[in-house]
Amino acid sequence: MANLFDRENYPQQEPETLVVGDRWVWKRPDLVTDYPTDQYALTYEFHCDSGGGGSHKFTITATETTDAYIVEVDSSTTANYNAHQYKWYAYITRSSDSERVAVDSGISTLVVNYADSNADLRTHAKKVLDAVQAVIENRATIDQSSFSIAGRSLSRMSVDELFTVRDRYRAEYNEEIKKARIRNKKPSGNLIGVRF
């Protein structure tokens, strides 16, 4: 893995996942041809993609080098952001008159920093799978028994319904594992090795 403190190794696009409380870095060398850094500036507006009140938006300003727009956001700054999915919009502003145009947009998910959290970090699929399995094995906690799917609590489901729900969420969880393995450049687990 390349040193992410070295600008040469920064990703050349906005990350899909950003960890709250970690340093965020990326660069956009592709914009320099049309928007030379001595005449323009790059900013990002992040807007939370979930309901609820409060201020769930923030702005990031890139720095300019001769060959790229560089984004570097300190850990102390990102620690103040909320873990949610965010829509972001990239804007180029012309230095001569402050006119602005949108040049890109996307979605990034801000996730809880494992080092700073005692929260249950299991995905929804894993939580449901664990609860269903506990009910099937008759070792469920009150919270697990009262877990509700499509308006019905697990404790009120028949054994056949529980097995159906378990199989559905097991498949969803296995898909999450497969995607995580692929992201980490590991085999997905779909192939079965045979020894002769």
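The values are calculated or read from the model by the stated rules, or taken from the named source; none is laboratory data. Bear in mind that the values here come from a model prediction, so they are computed numbers and not experimental data. Backbone-built Cβ (ideal geometry, glycine too); neighbour counts: all protein chains shown.
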When segment 82-95 is checked residue by residue, the ones that are within 20 Å of Cys48 (Cβ to Cβ) and touching a strand residue (DSSP E or B) at 6+ places or on another chain (Cβ under 6 Å) are Ala83, His84, Gln85, Tyr86, Lys87, Trp88, Tyr89, Ala90, Tyr91
Step by step: first the residues of segment 27-52, then only those that are more than 16 Å from Tyr91 (Cβ to Cβ) and under 15 Å from the mean Cα position of the chain (by Cα), then the one that is surrounded by the fewest Cβ atoms within 10 Å (Cβ to Cβ). Which residue is that? Ser50
Are any of the residues in segment 28-41 part of a loop (DSSP other than H, G, I, E, B), under 23 Å from Tyr81 (Cα atoms) and of a type outside the set (Val, Ile, Thr)? no
Looking across segment 96-140 at residues that are polar (S, T, N, Q), in contact with a strand residue (DSSP E or B) (Cβ under 6 Å, 6 or more places away or on another chain) and farther than 22 Å from Glu175 by Cα, the single one that is surrounded by the most Cβ atoms within 10 Å (Cβ to Cβ) is Asn113
Please name all residue pairs, on different chains or six or more residues apart, with Cβ atoms under 9 Å, provided the first residue is in segment 109-120 and is without any contact (Cβ under 8 Å) to a residue 12 or more places away in the chain and over 9 Å from Gly21 (Cα atoms) and the second residue is assigned to a helix (DSSP H, G or I) and of a type in the set (Lys, Arg). Asp120/Lys127
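Residue check: is Asp67 at pLDDT 95 or above, loosely packed, with under 10 Cβ neighbours inside 10 Å and either more than 16 Å from the chain's Cα centre (by Cα) or closer than 16 Å to Thr93 by Cα (or both)?
Working: at pLDDT 95 or above: yes; loosely packed, with under 10 Cβ neighbours inside 10 Å: no; either more than 16 Å from the chain's Cα centre (by Cα) or closer than 16 Å to Thr93 by Cα (or both): yes.
So Asp67 fails the test.
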